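Everything below concerns the one structure shown next.
The values are calculated or read from the model by the stated rules, or taken from the named source; none is laboratory data. These numbers were taken from a predicted model, which means no experiment stands behind them. Here the Cβ is made from the backbone with ideal geometry for all residues, glycine too, and neighbour counts use every protein chain on show. With ligands, DNA and RNA removed, areas are computed over all heavy atoms of the protein, side chains included. Shrake-Rupley method; radii C 1.70, N 1.55, O 1.52, S 1.80 Å.
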Amino acid sequence: MKHSKVGSVMTSDVVQARYATPFKEITRLLNEHRISGLPVVDPDDHVIGVISETDLMTRQAEAEPPYQPPRRFHRPALSKSARRRKAKAAARTAGQLMSQPAITVQADKTIAEAARTMAAHRIERLPVVDEEDRLVGIVTRRDLLQVFLRSDEDIRSEVIDEIVVNAMWLSPRTIDVFVREGVVTLHGQLEHRSETEVAVRLTRQIDAVVAVVDKLTFRFDDAHMRPEVPEFHGVADDWLRKL
């Protein structure tokens, strides 16, 4: 099966900042391009950090109000996160304001891998890098949704060609495949129960498949003949479909 790659949905023209980019210039860039974040790169275009609206708000929220009278009591020691917030409150450049290290994804990774990275780190965008970790694009949650724009007929053709014929070595008429709004329904009778499970599992992995309705039957139940192997699921399976 061919999975859509990050490079096919990313934005190549990336709004970016340098380490010394002033605070006001960052604000102007975000406002002018109507974006909520941007990567910070070094002179060789390596991503060294990311700035989001949250970083800007932290700066404003942590800044002390003007004309505040001096405090006479002893301040308790600040935690690491509190020290980081306090440093951002005084930030004047992108390098001082950015969050680091930057979480990135390579252009040849699949959309599912990018979604898992976003879900694991609870972020909304990922700088995309090449094999030398240089910035080549950026991908957002909205970009990942493009994979679900595939037509039902396109999905049906892939199920038949890539799974029924190429993966399972069956006649294309062995399984009847119906697709509506991304929901795939499988009808037919196979020799073994394990084959029906393989067909359903592989169908679920196809790009743009929202759900699979299993109406397959089998002649022989071979469940007792297979060793029990724990099944692993991706952390972003449900997250991506709920976007």
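Solvent-accessible area of segment 168-208 (1.4 angstrom probe, protein heavy atoms only): carbon and sulfur portion equals 48 percent.
Sparse packing (at most 15 other Cβ atoms within 10 Å of the Cβ) combined with a DSSP loop state is found for the following GluC sites (Glu not before Pro) in segment 153-228: 181, 228. Taking amide H atoms as placed 1.01 Å from N in the peptide plane, the amide H of residue 137 lies under 5 Å from those of 128, each 5 or more residues away in sequence or on another chain. Within the accessible area of segment 1-61, the carbon and sulfur atoms contribute 51%, probe 1.4 Å, all protein chains present. All other residues whose Cβ lies under 13 angstrom from that of residue 191 are scored, Lys and Arg at +1 and Asp and Glu at -1, for a net of -2. A 1.4 Å probe run over the protein chains yields, for segment 82-176, 56 Å² of accessible area per residue, whole-number rounding. Net charge in the neighbourhood of residue 174 (other residues with Cβ under 11 Å of its Cβ; Lys, Arg +1, Asp, Glu -1) is -2.
May I ask you to list the chymotrypsin sites (Phe, Trp or Tyr not before Pro) in segment 93-184 that are in a DSSP loop and have at most 16 other Cβ atoms within 10 Å of their Cβ? Those that pass, being in a loop and sparsely packed, are 169.
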